[in-house]
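Following: one structure in structure tokens, then a few remarks.
The values are calculated or read from the model by the stated rules, or taken from the named source; none is laboratory data. Keep in mind that this is a model prediction, so the values were computed, not measured. Heads up, the Cβs are rebuilt from the backbone with ideal geometry, glycines too, and the neighbour counts pull from every protein chain shown.
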Amino acid sequence: MTTQLLPATEQELWFLEGLIDQRDRVQHIPINSVPFRIGRSAELGLCLPSPAVSKAHAEIVSVGDKLFLRDLDSTNGTFVNGHRVEGTTPIGEGDLIQFATIDFRVKREAARSFNNTVSESSCDLSGMLARFHKLMSSRAVIPVYQPIIAFADESVIGYEILSRSRLDGLETPREMFLVAERLHLAAELSTMLRWEGVQTGDQIIPSTNLFINTHPCESITSGLLCNLRELRERYPHRPLTIEIHEGAVTDLDEMRTFREAITDLDIGLAYDDFGAGQARLLDLVAVPPDYLKFDIKLIRDIHLHPQQQQMVELLVTMVRDFGIAALAEGIERPEEADICREIGFDFAQGYFFGRPMLVDSIPVE
């Protein structure tokens with residue numbers, strides 16, 4: 001068999017990124033030549049010492065600057081993004097490849113950037129990726145719940161599901177998604193956080209609404225909608241409201257389809273972070289939600305700025321005229337709460353009314 005250098009410029013490098021052993025750190029295996037063979041045999045380009053992997057399991061070949069994956073009649077199969085390889089399958093950056101039970105991501109980065117990463121911060125990067133792998137494989141997240149109250153009587157009408165973890169560098173959703181986005185796993189992370197949040201939150205009083213989040217990368221009419229159908233099947237009676245960032249409402253026809261589908265599932269709709277971007281109120285009310293959550297930037301220090309109060313009051317009046325409930329996010333001071341109550345908000349959320357808490361800390365009636 002003739003081995004050839006993989007066609008690549010000096011500026012770019014293909015490699016596989018993953019854990020060869022669950023106890024090991026994340027490794028970066030350059031694909032320097034083709035065919036690049038993977039299997040249990042020690043003389044191959046990538047040796048995977050697992051009994052589930054065949055001696056000669058699969059190989060990567062190239063046509064021009066394109067990569068292709070071929071299964072070598074392995075016992076337990078080779079998979080690309082969850083689909084078993086039959087014959088030869090094209091692969092590209094971000095694809096998930098599984099050799100039996102061991103998975104890798106296909107990556108393509110600048111050679112200089114890659115070399116700097118390996119020489120200067122490989123331990124930090126490898127440790128972070130290993131912790132993220134643990135986060136996903138062990139579902140090592142801790143759901144927390146922040147109360148949403150009704151201004152009329154300050155009763156709790158629901159909880160927004162948020163998430164934390166105890167893994168270094170991945171304690172907050174922001175940190176989790178920074179790593180997930182690099183690995184092209186943001187949608188998978190978002191789905192996992194919803195499942196864990198609803199599953200744990202089902203201990204809360206049955207009539208309490210759970211507000212669940214999304215990530216902008218999720219397709220609302222395919223992956224997200226399928227996930228919501230599965231959640232509704234599993235939890236047929238739990239009140240649920242899905243939050244969509246207002247900036248993600250770009251295709252009104254698609255949004256109408258989504259709205260009709262979740263209405264059939266008896267799932268409510270909230271537009272999140274209203275006012276953080278362009279505040280396209282007329283676009284949003286074309287597919288009206290049940291709740292419009294005003295961004296913290298519109299609420300913070302509102303008691304100190306009369307013009308801000310006037311603007312927000314006008315928006316709240318318009319929203320309520322459309323039959324949409326207005327919800328103020330990020331209330332941290334009693335003065336902010338007083339103004340939001342006076343200008344007509346229906347609901348409120350923020351540290352003043354309650355910080356995110358573990359499910360065991362939520363009062364039981």
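Which residues, counting only those in region 237-256, are exposed (fewer than 14 other Cβ atoms within 10 Å of the Cβ) and in contact (Cβ under 8 Å) with a residue 24 or more places away in the chain?
Of region 237-256, the ones exposed (fewer than 14 other Cβ atoms within 10 Å of the Cβ) are 237, 250-253, 256.
If the condition is that a residue be exposed (fewer than 14 other Cβ atoms within 10 Å of the Cβ) and in contact (Cβ under 8 Å) with a residue 24 or more places away in the chain, then His237, Leu252, Arg256 are the ones that fit.
Take the conditions free of Cβ contacts under 8 Å to residues at least 60 places away in the same chain and over 19 Å from the mean Cα position of the chain (by Cα) and apply them to Asp295. Does it pass? Against the criterion (free of Cβ contacts under 8 Å to residues at least 60 places away in the same chain and over 19 Å from the mean Cα position of the chain (by Cα)), Asp295 qualifies. A search for C-beta distances below 6 Å between a residue of region 131-151 that is free of Cβ contacts under 8 Å to residues at least 40 places away in the same chain and any residue that is crowded, with 18+ Cβ neighbours inside 10 Å and of a type outside the set (S, T, N, Q), counting only pairs 6+ apart in sequence or on different chains, returns Arg131/Leu167; Arg131/Leu170.
Of the listed requirements (1) among the basic types (Lys, Arg); (2) loosely packed, with under 14 Cβ neighbours inside 10 Å; (3) in contact with an Asp or Glu (Cβ under 8 Å, 6 or more places away or on another chain), Arg234 misses just one: (3).
Using the structure shown, decide if Arg70 is under 26 Å from Leu135 (Cα atoms) and in contact with a Gly (Cβ under 8 Å, 6 or more places away or on another chain). I'd like the intermediate steps shown before the answer.
Working: under 26 Å from Leu135 (Cα atoms): no; in contact with a Gly (Cβ under 8 Å, 6 or more places away or on another chain): yes.
So Arg70 does not fit the description; no.
Within the option set Gly197, Gly223, being under 18 Å from the mean Cα position of the chain (by Cα), at pLDDT below 90, assigned by TED's automatic domain parsing to the domain that holds Pro288 and not aliphatic (A, V, I, L, M) holds for one residue only, Gly223.
Of the residues in region 161-170, how many are modelled with pLDDT under 90 and either aromatic (Phe, Trp, Tyr) or farther than 24 Å from Phe104 by Cα (or both)? Qualifying residue count for the region: 1. Would you check if Thr214 is more than 21 Å from the chain's Cα centre (by Cα) and either outside the structural domain of Arg105 (by TED's automatic domain parsing) or part of a strand (DSSP E or B) (or both)? Criteria not met by Thr214.
Mind checking whether some residue in region 158-169 is aromatic (Phe, Trp, Tyr), under 17 Å from the mean Cα position of the chain (by Cα) and not in a loop (DSSP other than H, G, I, E, B)?
no
Please tell me if Arg232 is farther than 19 Å from Leu193 by Cα, in contact (Cβ under 8 Å) with a residue 24 or more places away in the chain and out of contact with any Ser or Thr (no Cβ under 8 Å at 6 or more places or on another chain). Answer is no for this residue. Among the residues of region 145-155, those that are out of contact with any Gly (no Cβ under 8 Å at 6 or more places or on another chain) and either farther than 14 Å from Cys340 by Cα or outside any strand (DSSP E or B) (or both) comprise Phe151, Ala152, Asp153, Glu154, Ser155.
Every residue in region 235-254 that is among the β-branched types (Val, Ile, Thr), modelled with pLDDT of 95 or more and in contact with a Ser or Thr (Cβ under 7 Å, 6 or more places away or on another chain), please. Walk me through how you get there before you give the answer.
Step one: of region 235-254, the residues among the β-branched types (Val, Ile, Thr) are 241-242, 244, 249-250.
Going one step further and asking which of them are modelled with pLDDT of 95 or more, we end up with 241-242.
If the condition is that a residue be among the β-branched types (Val, Ile, Thr), modelled with pLDDT of 95 or more and in contact with a Ser or Thr (Cβ under 7 Å, 6 or more places away or on another chain), then Ile242 is the only one that fits.
Is it the case, given these coordinates, that Glu160 is under 29 Å from Ala348 (Cβ atoms), loosely packed, with under 15 Cβ neighbours inside 10 Å and touching a residue at least 12 places away in the same chain (Cβ under 8 Å)?
Numbers: under 29 Å from Ala348 (Cβ atoms): yes; loosely packed, with under 15 Cβ neighbours inside 10 Å: no; touching a residue at least 12 places away in the same chain (Cβ under 8 Å): yes.
Against the criterion (under 29 Å from Ala348 (Cβ atoms), loosely packed, with under 15 Cβ neighbours inside 10 Å and touching a residue at least 12 places away in the same chain (Cβ under 8 Å)), Glu160 does not qualify.
Set side by side, the residues Arg105, Arg131 differ, and just one is modelled with pLDDT under 90, part of a strand (DSSP E or B) and under 30 Å from the mean Cα position of the chain (by Cα), which is Arg105.
With the structure loaded, tell me whether Phe177 is buried (at least 16 other Cβ atoms within 10 Å of the Cβ), touching a Leu at 6+ places or on another chain (Cβ under 9 Å) and at negative phi or whether it fails that test. Don't jump to the end; show me each part of the working.
Details: buried (at least 16 other Cβ atoms within 10 Å of the Cβ): yes; touching a Leu at 6+ places or on another chain (Cβ under 9 Å): yes; at negative phi: yes.
So Phe177 passes the test.
All of (1) surrounded by fewer than 20 Cβ atoms within 10 Å (Cβ to Cβ); (2) modelled with pLDDT of 85 or more; (3) out of contact with any strand residue (DSSP E or B) (no Cβ under 7 Å at 6 or more places or on another chain) hold for Ala100 with one exception: (1).
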